[in-house]
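The values are calculated or read from the model by the stated rules, or taken from the named source; none is laboratory data. In this text the structure is predicted, and so the values were computed from the model without any measurement. Quick reminder, even Gly has a Cβ in these numbers, built from the backbone with ideal geometry, and neighbours come from all protein chains shown. SASA here: full protein model, heavy atoms, side chains in, ligands and nucleic acids out. Shrake-Rupley method; radii C 1.70, N 1.55, O 1.52, S 1.80 Å.
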Amino acid sequence: AQTVTQSQPEMSVQEAETVTLSCTYDTSENNYYLFWYKQPPSRQMILVIRQEAYKQQNATENRFSVNFQKAAKSFSLKISDSQLGDTAMYFCAFMKPLQGAQKLVFGQGTRLTINP
Amino acid sequence: DTEVTQTPKHLVMGMTNKKSLKCEQHMGHRAMYWYKQKAKKPPELMFVYSYEKLSINESVPSRFSPECPNSSLLNLHLHALQPEDSALYLCASSLALELNTEAFFGQGTRLTVV
C-alpha cells in the first residue's frame, strides 16, 4: 500500500519569503503521479502542481516548483515570493490508476500561514 | 467549464433522516469520486464511479448509498447516519483511463449529523 508523509503540521513565513514544504512517500510502483493540492478556507481542493514519476525534470508553475527525488521518494514544494493568498492547507498526494479511474492517497497536510 | 458543483453547501440532519448530496460536472469526465474529510484530516476515498458503474467501494457502511444516474451527475444518499459521520464530503471528477490527468474537486458539503 502507498503511504504519503508530510512531517510539518504547520509552517509560518513572512510575505515575500520563500518556503519549502516536505513530502515523502512509499510505493513499489514505477509509474505514478504526484501532486500538491491546496485547500484554502473555502474548502475546495485546488491543484497546485503535478509531477510525472517518469520525468526527471522538476515541475514548475510560476512561483511554485518541486524538488522530485525519485530514488529517495521525496517530493517537496517550494513557494517563492509567498503571498497572503497562499495561506491554506497543503496536501501532498500520490496517484495510482485503479480500475479505470484513479485513487489519490493524501498526506496529513501542512497548514501554511503567510504573515503580512 | 472546469467546475464541479456540489449542493447543498451545508446540511444538518437528524439520525433518522434521509437526505441526498448532489454533484455535477460538465467537463466530459467519466470518473467521479466521493471523498470524506474529517476536520484537520486529509480526504479519504469512499466511492469511485467509472463510466457510470461503481468501480470502487472502500468498505463504506451501507448507510451511504452512491448513485450515478448519468455521466454528469453523482449522488450520495444518506440514511440513518451517526454523529461520527459529520464531515466535509467532497466530490471530484477526472478523465477515466487516463493516468496523467488531475482530479477536479467541488467545494464540498459540510454535513452535521445531530
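Selection of the range A:59-108 for residues being hydrophobic (A, V, I, L, M, F, W, C) and open to solvent by 50 Å² or more (accessible area, probe 1.4 Å) yields A:Ala71, A:Ala72, A:Leu84. Note on the range B:69-114: residues that are assigned to a strand (DSSP E or B), surrounded by 14 or more Cβ atoms within 10 Å (Cβ to Cβ), away from every other protein chain (no Cβ under 12 Å) and out of contact with any helix residue (DSSP H, G or I) (no Cβ under 6 Å at 6 or more places or on another chain) total 7. Selection of the range A:30-64 for residues being among the hydroxyl-bearing types (Ser, Thr, Tyr) and over 20 Å from A:Gln108 (Cα atoms) yields A:Tyr54, A:Thr60.
The listed residues are B:Tyr35, B:Tyr51, and the only one of them that is at positive phi and touching a residue at least 24 places away in the same chain (Cβ under 8 Å) turns out to be B:Tyr51. Hey, can you tell me all the residues within the range A:52-61 that are in a loop (DSSP other than H, G, I, E, B) and either within 8 Å of chain B (Cβ to nearest Cβ) or aromatic (Phe, Trp, Tyr) (or both)? Listed by number, the list holds a single entry, A:Tyr54. Of the strands (runs of 3 or more DSSP E) entirely within the range A:67-116, those holding at least 2 residues that are of a type in the set (Phe, Trp, Tyr) occupy A:88-98.
Is the range B:30-45 home to any residue that is surrounded by 18 or more Cβ atoms within 10 Å (Cβ to Cβ) and more than 10 Å from every other protein chain (Cβ to nearest Cβ)? Scanning the range B:30-45 turns up at least one residue that is surrounded by 18 or more Cβ atoms within 10 Å (Cβ to Cβ) and more than 10 Å from every other protein chain (Cβ to nearest Cβ). Of A:Gln39, A:Gln83, all but one fail to be modelled with pLDDT of 95 or more and away from chain B (no Cβ under 14 Å); the exception is A:Gln83.
Scanning the range A:30-51 for residues that are loosely packed, with under 15 Cβ neighbours inside 10 Å and part of a strand (DSSP E or B) yields one hit, A:Ile46. Summed over the range A:14-29, the residues that are open to solvent by 20 Å² or more (accessible area, probe 1.4 Å) and either part of a strand (DSSP E or B) or not hydroxyl-bearing (Ser, Thr, Tyr) (or both) give a count of 8.
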